[in-house]
1. Report D for the range 129-204 in µm² per second (integer): Stokes-Einstein, Kirkwood Rh on Cα pairs, 25 °C, 0.890 mPa s.
2. Modelled label-to-label distance, residue 77 and residue 141, 7 Å Cα→beta-carbon offset: nm?
3. May I ask you to list the lysines whose Cα is less than 30 Å away from that of residue 115, ignoring any residue fewer than eight positions away on the same chain?
4. Could you compute the FRET efficiency for residue 171 and residue 113, with r as their C-beta to C-beta distance and R0 at 22 Å, rounded to 0.05?
Amino acid sequence: MSRVRNVAALSPVVAVLMLCACSSERSPAANDAENQVVNESLNATPASNGAPVASPVASASPTVIGLEGLGDLRIGEAVPEGSDWAERGGQTGGECRTVTSPRYPGVYAIVERDKVQRITVGQRLDVRLAEGIGVGASEAEARKWFAGFRSEPHKYEAAPAKYLTAPNAPNGSSALRLEIGQDGKVALIHVGLMPALGYVEGCA
């Protein structure tokens with residue numbers, strides 16, 4: 001999930017509108033769009049043996065994203081009634097849709113079967129993991145905390161772009177996935193449940 005970082009000036013609504021490209025073949029413009037919206041976190045200590053020591057933590061701040069969610073939006077739960085998280089021109093209706101909040105420009109969530117499956121953060125420098133890792137952090141900084149994450153080639157960008165995924169992702173629990181861009185920096189942060197955690201084009 002992600003790409004060129006020179007679209008930070010886009011409004012959240014425009015960014016989500018651009019997410020509508022749901023085909024398996026994705027253009028650079030679509031890559032830029034998803035790079036404009038994302039979010040996630042877990043509490044860890046730097047690994048000394050190559051494996052992360054991590055545990056979910058409650059978000060102490062509205063700008064800290066954790067494995068449990070971001071603010072009032074919780075992974076595995078319905079969008080709260082009366083919340084300002086809502087469909088705003090992105091992928092709407094059907095079994096899979098995206099929601100955004102004016103409180104979190106550059107962040108979107110994937111909702112499937114009426115439950116939040118993933119939150120993605122992109123181009124939102126004040127939303128970070130509890131460890132302080134956010135969009136723009138170097139891969140080296142991220143690996144200090146998440147040394148045991150599995151590395152996979154990026155679907156749309158050449159190396160050194162890649163995905164770094166928490167080892168607990170396949171077991172059905174909320175997990176963290178980072179996208180590293182060609183500049184060697186964190187481009188997108190995803191927190192959520194498989195298979196949505198691994199989607200590369202919004203709901204696909």
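Every number in this text was worked out from the coordinates using simple rules, so none of it is lab data. Just so we're clear, the structure is a prediction, and the values are computed from it rather than from any experiment. Cβ coordinates were reconstructed from backbone atoms using ideal geometry, including for glycine residues, and neighbour counts include every protein chain displayed.
1. In µm²/s, the coefficient rounds to 197.
2. 3.0
3. Cross-link targets: 155, 162.
4. 0.70
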